[in-house]
Amino acid sequence: MLYQRSSALFEAAKEVIPGGVNSPVRAFKSVGGTPIFVEKAKGAYLYDADGNRLIDYISSWGPMLLGHAQEEVIEAIQKQAEKGTSYGIPTALETAIAELVVNAVPNIDKVRFVNSGTEACMSAVRLARGYTGKEKIIKFAGCYHGHSDAFLIQAGSGAVTFGAPNSPGVTQGTAKDTLLARYNDLASVEELFHQHGDAIAAIIIEPVAGNMGCILPQDGFLEGLRSLCDQNNALLIFDEVMTGFRLALGGAQERLGIQADVVTFGKVIGGGLPVGAFAARAEIMKELAPEGPVYQAGTLSGNPLAMRAGLTTLELLSKDKDLFERLDDKTEKLHLGMQSLIEKKGLPHQFNRLGSMVSLHFTETPVVDFETAALGNNDHFKAYFHGMLDRGVYLPPSAFESYFLNDALSYKDIEFTLDAFEDWLKSI
Ligand code: KE4
């Protein structure tokens, strides 16, 4: 594949944007090489600056569940834009999408819209602290909840890729209120409650982790967190920025049958425009300004263009009952096809998959937490990433990311991907 124009665009970008990107993981630091620059996308395909067509397995890190430039979503955005793009004044549109979210997601009565997953998670923690009157939170090594200070304590995703789990600029004062546990290790959480019990406001967790690659909760783990929160009057926050409206219409709560107290959203809920949200029972949400004392605000929160993109997307999801089954089936075909090919090759490998989230780790050790995810052979991953990219398949440029399949992906695209994988395996 040719990348001349992307390389030139990257050089120009680096002159005026730190690292040439507006989000670190896009810079290909952990896989090496020059990041591609995209010119347009349609359905399951990206079209880069050099005219290469690439099958997209990141779907903008989750939002593009329906595929890129989905006709009804684009048309709805175009029509909404003619009415103006931002008012900073309430609209009926916000109520319409809020009603859809409240009806689709279990255990919530009210939802507040913001502009990113980071904002949603940051606000959810402030709300939990305000509601409980307690200060500490528990997060899990390798889970990523956005770049708010309280979370950049051995964060997953980009920060792990850069091998800098504690980011400079995060103060000790902040760090002391974030306690770290190990994913799938209930004893590590029990120990923290034993040490800090009455000071812990909440546990925040990705119910299915997607920032260490994809990692599933082991049997009893989430149930154990639920009872620890009940025993210690702490709130259970499900960060469903990735899993929300992806694992099921009702997200991980529906798919896994676990009740959270607060749920955060991003990605799919905005249909490709900047939207985050956090939601809970009325008795918790009433603490939020202007009803209650916990402050949270945003100029572009509930922005009509973003609300229209999100509402149209969620309406399409709600009407298409088979969509999640189709996504599950395509993801299973990709997983099992790759698995049989890599088994024949004899390369150490682990696949983790749930719904349309999947990841391949080059290790014999089952990947169940951050430590085991870090055992993956990154040289193999780099070769795999570039080998697939050169054969027209765009995977997440980090071993610590989940793939996100979208509904525009065809079975032919999956066959193409498996052929590319087989060809790469033969080349090493
Ligand atoms: P944003 O602020 O990036 O919208 O959302 C933060 C966030 C919160 N919670 C979870 C579970 C997330 O995965 C994310 C963001 N995900 C990353 C991908 N691992 C976004 C990609 C990026 O950082 O560029």
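The values are calculated or read from the model by the stated rules, or taken from the named source; none is laboratory data. Not measured: the values here are computed from a predicted model. All Cβ positions, glycine included, derive from the backbone under ideal geometry; neighbour counts span all protein chains shown. Side chains included, ligands, DNA and RNA excluded: accessible areas come from the protein's heavy atoms. Shrake-Rupley method; radii C 1.70, N 1.55, O 1.52, S 1.80 Å.
Rundown of residues vs (1) crowded, with 20+ Cβ neighbours inside 10 Å; (2) over 29 Å from Gly392 (Cβ atoms); (3) not aliphatic (A, V, I, L, M), yes/no style:
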| position | (1), (2), (3) |
| --- | --- |
| Gly19 | no, no, yes |
| Ile55 | yes, no, no |
| His68 | yes, no, yes |
| Thr85 | no, yes, yes |
| Pro90 | no, yes, yes |
| Leu93 | no, yes, no |
Of (1) open to solvent by 20 Å² or more (accessible area, probe 1.4 Å); (2) free of Cβ contacts under 8 Å to residues at least 40 places away in the same chain; (3) not basic (Lys, Arg), Gly197 satisfies all except one. Which? (1)
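Would you check if Asp48 is touching an Asp or Glu at 6+ places or on another chain (Cβ under 7 Å), over 20 Å from Pro290 (Cβ atoms) and modelled with pLDDT of 95 or more?
Working: touching an Asp or Glu at 6+ places or on another chain (Cβ under 7 Å): yes; over 20 Å from Pro290 (Cβ atoms): yes; modelled with pLDDT of 95 or more: yes.
For Asp48, the condition - touching an Asp or Glu at 6+ places or on another chain (Cβ under 7 Å), over 20 Å from Pro290 (Cβ atoms) and modelled with pLDDT of 95 or more - is met.
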Write out, first by first residue and then by second, each pair whose Cβ atoms fall under 7 Å of each other, whose residues are 6+ apart or on separate chains, and whose first residue, in the stretch 404-428, is charged (D, E, K, R) while the second is open to solvent by less than 20 Å² (accessible area, probe 1.4 Å) and not in a helix (DSSP H, G or I). Asp407/Leu65; Asp407/Gly67; Asp413/Ala44; Asp413/Ile55
Sole exception among (1) touching a strand residue (DSSP E or B) at 6+ places or on another chain (Cβ under 8 Å); (2) charged (D, E, K, R); (3) part of a loop (DSSP other than H, G, I, E, B) for Asp219, by number: (1)
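Out of the stretch 200-218, which residues are more than 16 Å from the ligand (Cβ to nearest atom) and open to solvent by 10 Å² or more (accessible area, probe 1.4 Å)? Step through it out loud before you land on a result.
Filtering the stretch 200-218 for residues more than 16 Å from the ligand (Cβ to nearest atom) gives 200-201, 218.
Gln218, the sole residue that qualifies.
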Suppose the filter is crowded, with 24+ Cβ neighbours inside 10 Å, among the aliphatic types (A, V, I, L, M), at pLDDT 95 or above and over 27 Å from Val102 (Cα atoms); does Met242 pass it? no
Residues of the stretch 245-271 being within 12 Å of the ligand (Cβ to nearest atom) and open to solvent by 10 Å² or more (accessible area, probe 1.4 Å), which ones? Lys267
From the set of residues in the stretch 188-216 that are under 24 Å from the mean Cα position of the chain (by Cα) and β-branched (Val, Ile, Thr), which is farthest from Gly266 (Cα to Cα)? Val189
Taking only pairs six or more apart or across chains, which ones have beta-carbon atoms under 8 Å, a first residue in the stretch 358-386 that is in the same structural domain as Gln339 (by TED's automatic domain parsing), and a second residue that is among the basic types (Lys, Arg)? Ser359/Arg353; Asp369/Arg182; Phe370/Arg182; Glu371/Arg182
